Every structure is written in C-alpha cells, then in structure tokens.
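Below is one structure, written out as structure tokens; the observations come after it.
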Amino acid sequence: MIRLVNVDDKYIRFLYNCDKRGMFNKGQRRPYIGIMFEVRGHKYYAPLTHPRDKFLTMKNSVDFMRIKGGTLGAINFNNMIPIVDCVAKIIDIAAIQDHKYKMLLINQIEFFDDYETEIINRATKLYKAYKSKTLRIPVYNRCCNFFKLEKIAKKYDPNFKHDPNKVKK
C-alpha cells in the first residue's frame, strides 16, 4: 500500500553526504511516497515536489511523473532513497492545520490510489534499468546512486550524533 511519510532530517543529511543527488528535506516537511518497492531489505520511497507551472507542460519520463497532469506536483523517481523504518513517520493528514496543504495531500493520495500499479512499476523499472546500466546517460547521471545509498543506509544509527559534514564511507 502506498503511503506518505516524512523522513528524518538527520537521515537525509547522512545519505546526502554519500550522494549529493538526493533532495533536501525542507526541515522534515518534504513528503515521500512509498513503499515503491523493496529490494534486499531496503524499502524505497520517492520524494514529491509541490505543483509548479513548469510541470503543466513537462512530459512524464522514466524518472519523473506528473501528478494529475502536474496540477498536484510530481514524483521524482530519480531521487528515490532506501528508507530504514526508524526514520519514516507516516504523515497524519488530519492533524495538518494548513487547509490548502491538507487538500493537496488528500488529492495526491487519491491519485496514488488510482495509479498505484503504474507508480510502483515506474519505480521498479527505473531501479532495474539503473542496475543494468541501460538508462540514457543524462537520466543515469541525475539518479541517486541507489547501490551506494543501500550500502550506507545499513550503517545508519539513529542514536549516533552524526557529523553532518563527515560520513565514513
């Protein structure tokens, strides 16, 4: 089942030190959609972006999907990350005070329910193409290094005070 979560900032910074292609978390406010798929014990989630005018004319691609034609934002599959359970918190939509933002999330979830199979297939297809190195070079270059992130995610300790400027690889 697809759900929306917020991801702990500390974890995002930890991964970012390993791969600079990940998206910033905006103070733990960026929603992630998942579980896209699970591979070797890693659950993958993809970041969402708010609606932007440019999304209305952009086309869907192997690593990008407009949500309801771009009017509800987009999914950035190229920035999917492996999530460890202790860093993901399900978004409590009922507790959100900002009505406009609450309605955006509700409408996104309705879209995800309608397109769940397509969303999961796109995420899986991108991951497999990345693994087999069959992506076009520009797409490959804008994807997170999934394998490097999987390796470093295993080392994440939520109780350790990670130096955000230095991660042992």
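Structural remarks
- Annotation for segment 110-122: at least one member residue is touching a residue at least 60 places away in the same chain (Cβ under 8 Å), within 16 Å of the chain's Cα centre (by Cα), in a helix (DSSP H, G or I) and more than 13 Å from R3 (Cα to Cα).
- Here R13 meets the list (1) basic (K, R); (2) modelled with pLDDT of 90 or more; (3) in a helix (DSSP H, G or I) almost entirely, failing just condition (2).
- Residue within segment 102-109 that is exposed (fewer than 15 other Cβ atoms within 10 Å of the Cβ), of a type outside the set (S, T, Y) and under 17 Å from the mean Cα position of the chain (by Cα) present: no
The values are calculated or read from the model by the stated rules, or taken from the named source; none is laboratory data. Just so it is clear, the model here is predicted, and its values are computed rather than measured. Ideal geometry is used to build each Cβ from the backbone, glycine not excepted, and the neighbour counts take in all protein chains shown.
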